[in-house]
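Worksheet: the structure to be examined is printed underneath.
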Ligand SMILES: Nc1ncnc2c1ncn2[C@@H]1O[C@@H]2COP(=O)(O)O[C@H]2[C@H]1O
């Protein structure tokens, strides 16, 4: 085998060994699931069964290869048990073994290949939003379970009531509590198939109450999840900003309580190189601290570069409100932004910071004269 081919294969195996989804894995999941769907469409499968089978087998071989490479990699790193018990390890094992196991057990091939739908699970461990959802579900499990209990209570009370009110008029649909339960679930979830409908006046009144309760229950669930997501995002942002704030020497002298206070006021901003941040003559409504990166202040006759830990944009907030120079990034930069309202609060709460900013603004104004 030629050297470039060997090194390309080695690189491919190394990328596959990591626990993250590679581009090839995403393609394999998409192609594999699409081929499985085609397998269920009779005319399409009859005309192109060789292609569909070839695609399915190729994807399966790829997933088995991926699993074996990861098992070897984790064994070498002494993390085999950890990998096998993780969600990614379980999903990889299921992806590699489910279809072959079904084929070996003698299940009809077109039915056995339906198990390839499990390949979609491979994308789950890599989705950051899902990790956040799991955290929200765990943190909000108390209120969510309470709403579930209310849901079950209403379902049971309503189905017993409907059974009692409708059983004589509609024995075939409301002839038992389990039969009435189907109606209650379809109504409370606001699905309303309309296959089972109460006809007695009292039965309809109960149904109306169930419909209204359904709206309430789903409103509560949505509210709990939305609040949980918002709180989670705030927490993530706070931690990110905290990390950046504590790296800025200007804030490092403050105690932890004051850093937390400052963190609440700042928001992070990631910028690529050569991005204009401040335009000369514009109204100033915030100032910036450089957590990482570099900016260039474009002054008449010279350019001043400011790096990690420096701040800028303070002069407009302390002076006549108008920006005195253009400022743009020279490299990828992470900035902490302090809005005017918070700037005033910060100045009032931390006079030592106010003094430093004020002194630097005065020094710069003198330098620019
Ligand atoms: N001589 C200088 N050295 C460093 N930064 C400066 C200098 N002059 C102006 N700046 C910064 O450039 C910013 C442009 O917007 P502002 O006038 O709000 O605030 C200004 C200062 O923060």
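Quick note: the coordinates plus some simple rules give every number you see, no bench work behind them. Given the structure is predicted, the values throughout are model-derived calculations rather than measurements. Using ideal geometry, Cβ is built from the backbone for each residue, glycine included, and neighbour counts are taken over all protein chains shown.
Structure notes:
- Cα shape, region 63-211, gyration tensor, a/c 1.5 rule: prolate
- For region 10-36 versus region 95-166, the gap between their alpha-carbon centres in whole angstrom: 25 Å
- Relative contact order (percent, whole number), region 170-250, Cα cutoff 8 Å, 6+ residue spacing: 23 percent
- Point-to-point label distance, residue 124-residue 189, nm (Cα→Cβ direction, 7 Å offset): 1.9 nm
- Prolate/oblate/rounded label for the chain (Cα gyration tensor, a/c 1.5): oblate
- Fewest-first sequence of 6, 224 by Cβ atoms within 10 Å of each Cβ: 6, 224
- Relative to the longest principal axis of the Cα atoms of the chain, the long axis of helix 3-17 lies at roughly 80 degrees.
- Cα pair count fraction exceeding 22 Å, expressed as % - region 269-346: 16 percent
- Whole-number percent relative contact order across region 1-122, with pairs defined as alpha carbons under 8 Å at least 6 apart: 30 percent
- For region 182-216 versus region 44-88, the inter-centroid distance based on Cα atoms is 46 Å.
- Angle in degrees between helix 42-76 and the longest Cα principal axis of the chain, rounded to the nearest 10: 60 degrees
- Prolate/oblate/rounded call for region 266-310, Cα gyration tensor, a/c under 1.5 rounded: oblate
- With Cα atoms, 0 to 90° folded angle of helix 256-265 axis to the chain main axis: 80 degrees
- Segments 195-205, 308-318 sorted - mean Cβ within 10 Å per residue, highest first: 308-318, 195-205
- Residue exposure sequence - 135, 235, 50 - by fewest surrounding Cβ within 10 Å: 50, 235, 135
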